[in-house]
1. Using +1 at the C-beta of Lys and Arg and -1 at the C-beta of Asp and Glu, which of ALA339, ALA7, MET245 has the Cα lying farthest in the positive direction of the dipole of the chain?
2. State the Cα centre-to-centre distance between segment 278-323 and segment 135-162 in whole Å.
3. Beta carbons within 10 angstrom, averaged per residue: use that to sort the peptides 35-48, 17-30, highest first.
4. Where does each of HIS322, HIS67 land when they are ranked from fewest to most other beta-carbon atoms within 10 angstrom?
5. Mind sorting out which of (i) 20.2, 65; (ii) 22.5, 65; (iii) 24.7, 77 is the real Rg and Dmax of the Cα atoms in Å computed from the coordinates?
6. Which value, in debye to the nearest 20, describes the size of the charge dipole of the chain about its Cα centre when Lys and Arg Cβ atoms bear +1, Asp and Glu Cβ atoms bear -1, and nothing else is charged?
7. Return the distance in nm (one decimal) between the two label points of a simple spin-label model at GLN250 and ASP315, each offset 7 Å from Cα along Cα→Cβ.
8. Need one number: nm distance between label points at ASN281 and ASP340, each 7 Å from Cα along Cα→Cβ, rounded to one decimal.
Amino acid sequence: MAETMRALVKAQAGPGLEMQRVPIPEPGPFEVLIRVKATAICGTDRHIYHWNPWAAGRIKPPLIVGHEVCGHVAKVGSNVTLLKVGDFISAESHIPCTVCPVCRNGQQHICANLKILGVDTPGTYAEYAVIPEVVAWKNDPDLDPAMAAIMEPLGNAVYTALVEPIAGKSVAIFGDGPAGLNAVAVARAAGAGTIYQVGMVPFLLNLGQRLGSDAAYNITEPGTDVVGAILAATGGVGVDVVLEMSGAQQAITQGLQVLRKGGRFSAFGLPDKPVLIDLNNGVIFKGARILGINGRLLWETWFQMAGLLRSGKLDPSPVVTHRIALDDFEKGFAALDSADRTAAKVVMFPDPQDI
């Protein structure tokens with residue numbers, strides 16, 4: 001094995017990433033080294049790339065970024081017991097301490113000492129990456145690498161949608177980015193009734209209909225009355241379930257307005273700043289349940305996700321619109337930032353021959 005590798009590094013404060021040659025990391029006793037097969041661009045990575053206020057306050061350069069990944073185990077630490085060289089794995093990006101009171105209450109995904117791969121620890125935009133064994137998920141060896149690379153964000157949608165039963169229920173999904181699109185696919189695979197999707201990019205809303213939404217509402221089109229349309233479609237009752245995947249104030253407001261009395265509101269999208277809600281009419285008088293969704297349940301969500309994929313009922317492959325070489329990362333970020341966006345999920349491959 002070579003001693004150095006190519007890696008995308010946030011070298012200093014400010015926009016952009018740099019391709020650098022850095023030493024191949026050595027796994028610790030409870031870690032594995034993987035040869036990265038594929039790694040995907042996440043909204044978090046875009047924040048780091050553009051160096052928004054969150055990134056400026058959280059990221060400590062220099063740092064290899066990236067956290068959505070799959071690869072083959074190349075080396076195992078001395079105390080690794082569940083994995084062997086050659087295993088095909090994906091990574092859970094939430095690294096728990098396993099011993100805090102939160103972890104010991106079965107909530108490792110929100111560990112009190114939580115670290116995030118590619119944010120608090122070196123990430124996966126590289127030829128090789130070190131992953132703690134505790135967050136490695138062994139995949140079926142024949143799983144498409146692009147699908148294996150997006151297991152982590154797909155898990156967000158699985159947890160958001162299936163935190164409570166959804167079969168037969170009417171669902172409104174706010175957001176048409178990859179999270180919202182995956183939520184459409186998951187809701188349809190899990191037997192949801194009517195699915196309404198709200199967004200602002202025609203290409204992505206059309207993609208959502210391919211994945212299973214029954215109606216799409218584009219908030220940028222003049223005269224679009226999302227609340228009126230969904231209430232009319234549900235006979236004035238509202239939907240059983242709202243999946244909020246955007247974090248936008250308008251989406252949160254409208255989501256609570258279209259939620260029926262006694263309904264469930266899954267809050268996954270991250271607002272840029274504090275939001276206002278009509279607590280009286282949107283929550284209290286409705287007897288609504290607002291469930292905060294952070295990451296994925298370890299490992300319940302992953303078992304659900306793997307089972308849905310194996311069944312063939314869940315096929316998120318249309319969400320992956322771009323497969324590019326890691327060296328072409330600038331093109332990937334540009335596609336996601338384009339005003340006439342036709343990109344959903346961009347998956348990057350360190351070895352172009354793997355595309």
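All of the numbers you see were taken from the coordinates with simple rules; none came from a lab. Since the model is a prediction, treat every value here as computed from it, not as a measurement. All Cβ positions, even for glycine, are placed from backbone atoms using ideal geometry, and neighbour counts span all protein chains on display.
1. Towards the positive end, the residue furthest out is MET245.
2. If we compute the Cα centre of each part, the gap is 13 Å.
3. Details: 35-48: 23.5, 17-30: 14.7.
Result, highest mean first: 35-48, 17-30.
4. Numbers: HIS322 19, HIS67 26.
Lowest count first: HIS322, HIS67.
5. Comparing each candidate, only (i) matches the computed number.
6. Values: 29 positive and 33 negative charges, 152 e Å.
Result for the chain is approximately 720 debye, rounded to the nearest 20.
7. 3.3 nm
8. A separation of 4.0 nm, rounded to one decimal place.
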